[in-house]
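Contents: one structure, followed by commentary.
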Amino acid sequence: RVPAWCDAMSVIVNGTQFSAESGYVKVKRRWENGDKIDVLLPMPVKMHELGGKIAFTRGPITLARDSAKEGADTMSAPIKPAFPLSFRACDPIGDEMVRGYLALEDGSELLLTDYASCGKKWNSKLANIPCWMNKAE
């Protein structure tokens, strides 16, 4: 089954590619020991808009800002992503699963990490972890 967040899944069995049809990749063959199966699930960053706010996902992962990593004073500033969306992935730090920088229209970059690994210091002033961000006009 092709996940809802994936636009173009394919499966490669021993060098032969099978594409998705009607939400499924069907591979009908006689299986043998040593068969090699590769599943390709492209995960580009996607932008979602709702009520003047924007959010970003990468595959099934929700991306967020983290005031402990960026600084609390930058969290509410409106952002305007560059199009097409450009996400520069880099090595995760600590328990992060995803870490990267989203290109903005003004040439700067916005640090985004997976929501699950953001700070979550509930008693701290640095506990601001927005997934939905203000969109600049």
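Identify, among G51, G119, V2, the residue whose Cα sits farthest towards the positive end of the charge dipole of the chain, taking +1 on the Cβ of Lys and Arg and -1 on the Cβ of Asp and Glu, with the dipole about the Cα centre.
About the Cα centre, the residue reaching furthest to the positive side is V2.
When the accessible area of segment 7-137 is computed with all protein chains present and a 1.4 Å probe, what percentage of it is carbon and sulfur?
Ligands and nucleic acids excluded, carbon and sulfur reach 51 percent.
What size of dipole, in debye to the nearest 20, comes out for the chain about its Cα centre when the only charges are +1 on Lys and Arg C-beta atoms and -1 on Asp and Glu C-beta atoms? Walk me through the numbers on the way to the answer.
Values: 18 positive and 17 negative charges, 91 e Å.
Its charge dipole is roughly 440 debye.
If each of S108 and S76 carries a label point 7 Å out from its Cα toward its Cβ, how far apart are those two points in nm?
Result: 1.6 nm between the two label points.
Ordering S76, S67 from largest to smallest accessible area (1.4 angstrom probe), what's the sequence?
From most exposed to least exposed: S76, S67.
Picking from Y115, Y101, Y24, which is most flexible by a Gaussian network model of the chain using Cα springs under 10 Å?
Among Y115, Y101, Y24, the largest GNM mean-square fluctuation belongs to Y24.
Name the most mobile residue of L63, L111, L50, meaning the one with the largest mean-square fluctuation, in a Gaussian network model of the chain with Cα contacts below 10 Å.
Result for the chain, Cα springs under 10 Å: L50 fluctuates most.
Would you mind getting the accessible area per residue of segment 1-106, heavy atoms of the protein chains only, 1.4 Å probe, in Å²?
I get 65 Å² per residue for segment 1-106.
Quote the Stokes-Einstein diffusion coefficient, in whole µm² s⁻¹, for the chain, based on the Kirkwood radius over alpha carbon pairs, a temperature of 4 °C and a viscosity of 1.567 mPa s.
In µm²/s, the coefficient is 75.
Please work out how much accessible surface C6 shows to a 1.4 Å probe, ignoring ligands, DNA and RNA, in Å² rounded to 10.
10 Å²
The values are calculated or read from the model by the stated rules, or taken from the named source; none is laboratory data. Please read all numbers here as calculations on a predicted model, not as lab measurements. FYI the Cβ positions are ideal-geometry reconstructions off the backbone, even for glycines, and counts take in every protein chain you see. The area values use the complete protein model at the heavy-atom level, side chains included, leaving out ligands, DNA and RNA. Shrake-Rupley method; radii C 1.70, N 1.55, O 1.52, S 1.80 Å.
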